[in-house]
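Some notes on the structure that comes next.
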Amino acid sequence: MQPITIAKRFCGPPTSGNGGYSCGLLGSRIQGPSRARLVTPPPLDKPLTLSEINGQWSLMHGEKLIGSAEPAALDLVPPAPPTLAQARDARTRYRGLGEHSFPTCFVCGPARAEGDGLRLFSGKVEGVDMVACDWQPIPEFLDPHGNTRHEFVWSALDCPSYFALDIPVESGKICLLAQMTCSVDKPVPGDKPLIVYAWKRLIDGRKHFSAAALCNAEGEILARAEHLWIALKN
C-alpha cells in the first residue's frame, strides 16, 4: 500500500483532482496500455492510498474507493495529425479563453500561469474535425531520462478530448471524466515541441466518447487515449 496525495495544484474542478492526472496516477503503475476508472471525484490534499491486487490498482480515501486501473487493449488508430504550425494556429481558436467552466484546471485552465498548469489550449483545426494545440513539457514533469512522466502524458491527453466534444459553455452542461484508456507507445521527449490533438467519437445520452493522441513535430504517434465523459444531471 502506497500513501499518495493529489495536491491542489493538480485540480480539474476547484475541489477535485484533474481526471487525466488522477487516472494517470493509477494507469502509470501498469506496464503497457491500461484502463482507469474514476467512481468519485478525487479529493485534493487528502491522505490517499494506492494498492495492487492481482494486477489491478485501486486508489482509496480511507475505506472509500476513488478509482481503479487494470491492463487493457487499445486498438485505437488515430487520424493523421495536424502539423505543428496547424496546432499552434488552433490555439487561437480555443473556446476556453472566453468562457471556461473550470478556469483553474491544471491541464486547460487559462487562469494558470506559465510553468504552473499545462495550459493546453486546444482549438479547432482549420478544415478538419478535430482540436489541437502544441505542447512543450517543462523540466519539472520529466523523468531522469528527460522523458515526460506518464501521469503528465495522461494529463495532456485528457482535456483536449473534452473540447473535441464541442459542448457550448452556455449550454450549462458539465461533463466529468469517468474512464480513460491510455497507451504510452514511445517515450515522450521533453526537449522538443509536441502536438496534442483530439476528436469526437459519439454521444449517447449522458455518455460522451472521445479520443486523443500525442505526437512529435514529425507526426510520429507517441501516445493514444480513449475517453468516456459523463454529463452531470441537472
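Summing charges over neighbours of V128, with a neighbour being any other residue whose Cβ is under 14 Å away from its Cβ, gives -1 when K and R count +1 and D and E count -1. Checking the Cα-Cα distances for K64/K200; K173/K207; K64/K186; K200/K233 against a 23 Å cut-off, the pairs over it are K64/K200; K64/K186.
According to the Kirkwood relation over distinct C-alpha pairs, the hydrodynamic radius of the chain is 17.4 Å. Adding -39500 (n - 2.57) for every DSSP H run of four residues or longer, then dividing by how many residues the chain holds, sets the calculated 222 nm ellipticity at -3000 deg cm²/dmol.
Here is the list for region 125-234: trypsin sites (Lys or Arg not before Pro) lying in DSSP coil, each with at most 13 other C-beta atoms within 10 angstrom of its C-beta, are R206, K233. Mean separation of Cα pairs under 8 Å and 6 or more residues apart, divided by the residue count, gives the chain a relative contact order of 20 percent. Straight Cα distances below 13 angstrom link K192 to the aspartates and glutamates D134, E218, E220, with same-chain residues fewer than 8 positions distant left out. Taking 4.7 Å between C-beta atoms as the pairing limit, the chain has these partnerless cysteines: C11, C23, C105, C133, C175, C182, C215. All other residues whose Cβ lies under 13 angstrom from that of Y94 are scored, Lys and Arg at +1 and Asp and Glu at -1, for a net of +2. For region 137-212, the calculated P(r) over all alpha carbon pairs, in 5 Å bins from 0 to the bin holding the longest distance, is 3, 14, 23, 21, 14, 11, 8, 4, 1 percent. Under 5 Å between amide hydrogens, built in the peptide plane, is the criterion, and for D143 it picks out T148, R149 among residues at least 5 positions away or on other chains. Percent of alpha carbon pairs in region 79-208 separated by more than 23 Å? Of the Cα pairs, 31 percent sit more than 23 Å apart.
Protein heavy-atom surface of the chain, 1.4 angstrom probe: 53% of the accessible area is carbon and sulfur, with nucleic acids and ligands not counted.
With protein chains left intact and a 1.4 Å probe, residues in region 1-123 average 47 Å² of accessible area per residue.
V153: net charge of surrounding residues, Cβ under 12 Å, Lys/Arg +1, Asp/Glu -1, itself excluded? Charge balance in the 12 Å sphere: -1. Working from Cα pairs under 8 Å separated by at least six residues, relative contact order for region 70-172 is 24 percent.
Among G17, G62, G190, the largest mean-square fluctuation in a Gaussian network model of the chain, built with springs joining Cα atoms closer than 10 Å, belongs to G62. Between A164, A90, A113, the Gaussian network model of the chain with springs among Cα atoms under 10 angstrom shows the greatest mean-square fluctuation at A113.
The values are calculated or read from the model by the stated rules, or taken from the named source; none is laboratory data. Note that the structure is predicted; figures quoted are calculated from it, not measured. Don't worry about glycine lacking a Cβ; one is built from the backbone with ideal geometry, like all the others, and counts go over all protein chains shown. Protein only, heavy atoms only, side chains kept; ligands, DNA and RNA dropped before computing areas. Shrake-Rupley method; radii C 1.70, N 1.55, O 1.52, S 1.80 Å.
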